[in-house]
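What follows is one structure encoded as structure tokens, with my remarks underneath.
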Amino acid sequence: MTLSIQPTTALSVGEFLKLPETKPASEYFNGQIYQKSMPQGEQSTLQSSLITAINEIAKPQKIAYAFPELRCTFEGRSIVPDIAVFEWQRIPLLPNGRITNKFEIPPDWIIEILSPEQSPNRVISKITFSIQNGAKLGWLLDSADESIMIFEPNKLPELKEQQDILPVLSVLENWQLTVADVFNWLNFV
């Protein structure tokens with residue numbers, strides 16, 4: 001079950017960020033703290049497989065990078081998407097070229113994998129908030145019915161199933177993946 005910690009007085013995002021990290025991670029929005037659910041088998045498998053697939057295509061060409069459970073703090077919220085994908089030129093770097101620890105921008109592509117105990121509306125809110133603040137693409141994977149809801153700026157959400165080809169970031173335009181490809185990663189026989 002997702003833990004919702006209701007502070008007696010609303011915390012600012014800055015005060016939230018000073019709190020100790022939790023496992024699983026906690027997120028902050030609308031003055032409240034929500035603890036993410038612990039990943040289970042399907043979620044962990046999909047997360048790992050998607051990250052590997054994206055990075056195998058994007059990292060060698062230095063066009064994008066997929067991060068697992070990366071804290072992104074922007075516009076008064078601090079979220080931890082299951083997968084946050086950033087186009088290479090938007091990855092925050094230190095002056096010496098090394099990656100920074102703090103990401104204070106939305107991901108270009110936010111991917112969430114719905115767990116049975118998660119509130120779909122809260123997850124959708126996180127995706128739409130990211131889209132409204134600069135993300136180019138959002139996916140919500142639901143392994144219960146093997147569907148993926150697609151979120152893009154200025155478009156209504158679209159449900160993809162089975163052999164539907166999934167939209168990806170434009171920098172990955174030559175990569176094609178179907179919904180069935182994604183959920184086939186759950187098969188171990």
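The values are calculated or read from the model by the stated rules, or taken from the named source; none is laboratory data. Source: prediction; values computed, not measured. Cβ atoms come from the backbone with ideal geometry, glycine included; neighbour counts cover every protein chain shown. Side chains included, ligands, DNA and RNA excluded: accessible areas come from the protein's heavy atoms. Shrake-Rupley method; radii C 1.70, N 1.55, O 1.52, S 1.80 Å.
In table form, for the structure just shown:
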{"quantity": "Residue within the stretch 123-130 that is open to solvent by less than 20 Å² (accessible area, probe 1.4 Å), more than 18 Å from Ser49 (Cα to Cα), among the basic types (Lys, Arg) and modelled with pLDDT of 95 or more present", "calculated": "yes"}
{"quantity": "Matching option when the condition is touching a residue at least 24 places away in the same chain (Cβ under 8 Å), surrounded by 14 or more Cβ atoms within 10 Å (Cβ to Cβ) and among the charged types (D, E, K, R), among Lys136, Lys160", "calculated": "Lys136"}
{"quantity": "Subset of the stretch 163-185 that is surrounded by 14 or more Cβ atoms within 10 Å (Cβ to Cβ) and acidic (Asp, Glu) - its residue that is farthest from the chain's Cα centre (by Cα)", "calculated": "Asp164"}
{"quantity": "The stretch 30-41 residues that are within 19 Å of Leu19 (Cα to Cα) and part of a loop (DSSP other than H, G, I, E, B), paired with ones that are charged (D, E, K, R) and open to solvent by 20 Å² or more (accessible area, probe 1.4 Å) (beta carbon under 6 Å, 6 or more apart)", "calculated": "Ser37/Glu117"}
{"quantity": "Filter result for Ile54 (on the phi < 0 side of the Ramachandran plot, assigned to a strand (DSSP E or B) and either under 18 Å from the mean Cα position of the chain (by Cα) or exposed (fewer than 15 other Cβ atoms within 10 Å of the Cβ) (or both))", "calculated": "no"}
